[in-house]
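Student: Take a look at this one; I'll ask things after.
Each value in this text was obtained by applying a stated rule to the coordinates, not by laboratory testing. The model shown is predicted, which means the values in this text are computed figures rather than measured ones. We place every Cβ from the backbone using ideal geometry, glycine too, and count neighbours over all the protein chains shown.
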Amino acid sequence: MRALLQRVSEASVTVDGDVIGRSGPGLLVLICAMQGDTEAQADKLAAKVAKCRIFEDDAGKMNRSVLDIGGSALVVSQFTLAADTRSGNRPGFSSAAAPEEGERLYEYFAAQLTAQGVPVETGRFGADMKVALVNDGPITIWMDI
């Protein structure tokens, strides 16, 4: 699985003019299931995201996790994280999981992040979403599991 974490002051996702999920302060997690990904990988990724120390401590060092700060997460599916741009000008997405499996693992990941103790809201898989965020730092972390 692949995730792009952004430390945010706030984030929201809108579908058809309605805000369906929001977070902040905490994380915006863009997530993509890749072909061959398993629930075990989603479990490992959820644990890493929950414990990733990208929030400042009292000394100003990135030494605290979203759990440590009592933050929340907005989890949004984004199959374009699977983009292959090695040739041509049009990205290929064949390494992304099939839509049914991608949706299943996306929902499973969100549930596992919740089970780690992080309050989670989500986007809507496959929808045309508008994502707004205030990236705090900016801090953006790429994770592959």
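Student: Using a 7 Å offset from the Cα along the Cα-to-Cβ direction at both Val131 and Ala40, what is the distance between the two label points in nm, to one decimal?
Tutor: 2.8 nm
Student: Same structure again: Given the options Gly60, Ser72, Ser94, identify the residue whose Cα lies farthest towards the positive end of the charge dipole of the chain (+1 on Cβ of Lys, Arg; -1 on Cβ of Asp, Glu).
Tutor: The one lying farthest along the dipole's positive direction is Gly60.
Student: Under a point-charge model restricted to the Cβ atoms of Lys and Arg (+1) and Asp and Glu (-1), what is the dipole moment magnitude of the chain relative to its Cα centre, in debye to the nearest 20? Write down the numbers at each step before the final one.
Tutor: Working: 14 positive and 19 negative charges, 79 e Å.
It comes to approximately 380 debye.
Student: So, one more: To the nearest 10 degrees, how steep is helix 39-51 against the longest Cα principal axis of the chain, on a 0 to 90 scale?
Tutor: 30 degrees
Student: Follow-up. What net charge is computed for the residues neighbouring Arg124, neighbours being all others with C-beta under 15 Å from the C-beta of Arg124, Lys and Arg scored +1, Asp and Glu -1?
Tutor: On the way: positive: Arg22, Arg104, Lys130; negative: Asp16, Asp18, Glu103, Glu107, Glu121, Asp128.
Surrounding charge for Arg124 is -3.
Student: Please give the calculated 222 nm ellipticity per residue for the chain, where each DSSP H segment of at least 4 residues contributes -39500 (n - 2.57) and the sum is spread over every residue; nearest 500 deg cm²/dmol? Could you put the intermediate results ahead of the total?
Tutor: Values: 3 runs with 34 residues, N = 145.
Helices in the chain give a 222 nm mean residue ellipticity of -7000 deg cm²/dmol.
Student: Taking every alpha carbon pair in segment 1-81, what does the distance histogram look like in 5 angstrom bins from 0, in percent?
Tutor: P(r) over segment 1-81, rounded to whole percents: 3, 15, 22, 22, 18, 12, 6, 2, 0.
Student: What residue among Gly17, Gly70, Gly123 shows peak mean-square fluctuation when the chain is described by a Gaussian network model with Cα springs under 10 Å?
Tutor: Result for the chain, Cα springs under 10 Å: Gly17 fluctuates most.
Student: Also, quick follow-up: Relative to a virtual label point 7 Å from the Cα of Asn63 in the Cα→beta-carbon direction, which members of segment 24-56 show backbone nitrogen distances below 17 Å?
Tutor: Only 52-56 pass the distance filter.
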